[in-house]
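The values are calculated or read from the model by the stated rules, or taken from the named source; none is laboratory data. None of these values were measured; they are calculated from a predicted model. Every residue, glycine as well, gets a Cβ built from its backbone with ideal geometry; the counts of neighbours run over all protein chains shown.
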Amino acid sequence: MASIFGFRSRDPARDKQTDLARFDRLAKLLDQITAEIAAEKTGLEARYRSKSTNAAFLVESMENGSASASKLSEVGELTKSILNCEQRISELVRQTSRMKELRHSLDAIVGEDGQSSDSHGEYVKPAGRFG
């Protein structure tokens with residue numbers, strides 16, 4: 001687009017396409033981070049179950065007298081590890097919630113029908129994931 005002063009600006013459709021490409025990259029990044037959090041949480045939950053089971057059997061063995069009192073420190077370490085797992089899982093749940101909120105906000109910016117709104121309330125068909 002040219003003006004009488006020789007200033008050329010980019011076509012608004014190209015600007016919108018550029019914006020939508022950015023939104024698409026951001027959406028993919030948020031999805032990737034959410035998947036990383038989920039994978040960490042899944043692995044941590046498996047270790048949590050394993051440590052909880054080990055601790056339960058160890059305590060039961062100590063109560064039945066089949067394990068030495070020296071195993072008490074092992075119970076303490078398992079307990080500490082279990083508590084750390086619980087705290088981390090809680091943090092990962094919080095992070096997942098935040099990622100969902102961010103993703104929802106991004107979807108709202110782009111629009112439910114897959115179009116991005118501009119400052120004039122017009123809509124344009126997005127590229128990539130939003131297309």
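Quick one: in the stretch 79-102, which of the residues that are farther than 19 Å from Glu40 by Cα and modelled with pLDDT of 95 or more is surrounded by the fewest Cβ atoms within 10 Å (Cβ to Cβ)?
Within the stretch 79-102, the match that is surrounded by the fewest Cβ atoms within 10 Å (Cβ to Cβ) is Glu101.
Here's a check for you: in the stretch 1-50, which residue that is assigned to a helix (DSSP H, G or I) and polar (S, T, N, Q) is farthest from Ser105 (Cα to Cα)? Steps first, answer last, please.
Our first condition is that a residue be assigned to a helix (DSSP H, G or I); within the stretch 1-50, this holds for 12-50.
If we keep only those that are polar (S, T, N, Q) too, we end up with 17-18, 32, 34, 42, 50.
On the way: Gln17: 19, Thr18: 19, Gln32: 16, Thr34: 15, Thr42: 26, Ser50: 38 Å.
In this case the residue turns out to be Ser50.
Are any residues in the stretch 79-114 of a type in the set (Ser, Thr, Tyr) and either within 15 Å of Ala38 (Cα to Cα) or under 20 Å from the mean Cα position of the chain (by Cα) (or both), and if so, which ones?
Filtering the stretch 79-114 down to residues of a type in the set (Ser, Thr, Tyr) leaves 79, 81, 90, 96-97, 105.
Answer for the stretch 79-114, where residues must be of a type in the set (Ser, Thr, Tyr) and either within 15 Å of Ala38 (Cα to Cα) or under 20 Å from the mean Cα position of the chain (by Cα) (or both): Ser90, Thr96, Ser97, Ser105.
Is there any pair linking a residue in the stretch 12-34 that is touching a residue at least 12 places away in the same chain (Cβ under 8 Å) and at negative phi to one that is among the polar types (S, T, N, Q) and crowded, with 17+ Cβ neighbours inside 10 Å, with Cβ under 8 Å and at least six apart or on different chains, and which?
From residues that are touching a residue at least 12 places away in the same chain (Cβ under 8 Å) and at negative phi, the pairs are Lys16/Ser116; Asp19/Ser116; Leu20/Ser116; Phe23/Ser116.
Given the criterion modelled with pLDDT under 90 and aromatic (Phe, Trp, Tyr), identify the matching residue among Phe23, Phe130. Give the derivation first.
Values: Phe23 fails: modelled with pLDDT under 90.
Every option except Phe130 fails the conditions.
Condition check ((1) farther than 20 Å from Glu101 by Cα; (2) surrounded by 12 or more Cβ atoms within 10 Å (Cβ to Cβ)) across all residues:
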position: Leu20; (1), (2): no, yes
position: Ala27; (1), (2): no, yes
position: Glu45; (1), (2): yes, yes
position: Tyr48; (1), (2): yes, yes
position: Lys51; (1), (2): yes, yes
position: Asn54; (1), (2): yes, yes
position: Glu63; (1), (2): yes, no
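Would a scan of the stretch 67-78 turn up a residue that is surrounded by 11 or more Cβ atoms within 10 Å (Cβ to Cβ), over 23 Å from the mean Cα position of the chain (by Cα) and not in a helix (DSSP H, G or I)?
Taking the stretch 67-78 and keeping what is surrounded by 11 or more Cβ atoms within 10 Å (Cβ to Cβ), we get 67, 71-72, 74-78.
Next cut, over 23 Å from the mean Cα position of the chain (by Cα) only: 67, 71-72, 74-78.
Right, trim to not in a helix (DSSP H, G or I) and you get 67.
Among the residues of the stretch 67-78, at least one is surrounded by 11 or more Cβ atoms within 10 Å (Cβ to Cβ), over 23 Å from the mean Cα position of the chain (by Cα) and not in a helix (DSSP H, G or I), which makes the answer yes.
Quick test of your reading of the structure: Arg49 fulfils all but one of (1) in contact (Cβ under 8 Å) with a residue 24 or more places away in the chain; (2) under 17 Å from Asn84 (Cα atoms). Name the failing condition by number.
Looking at each condition in turn, Arg49 falls short on (1).
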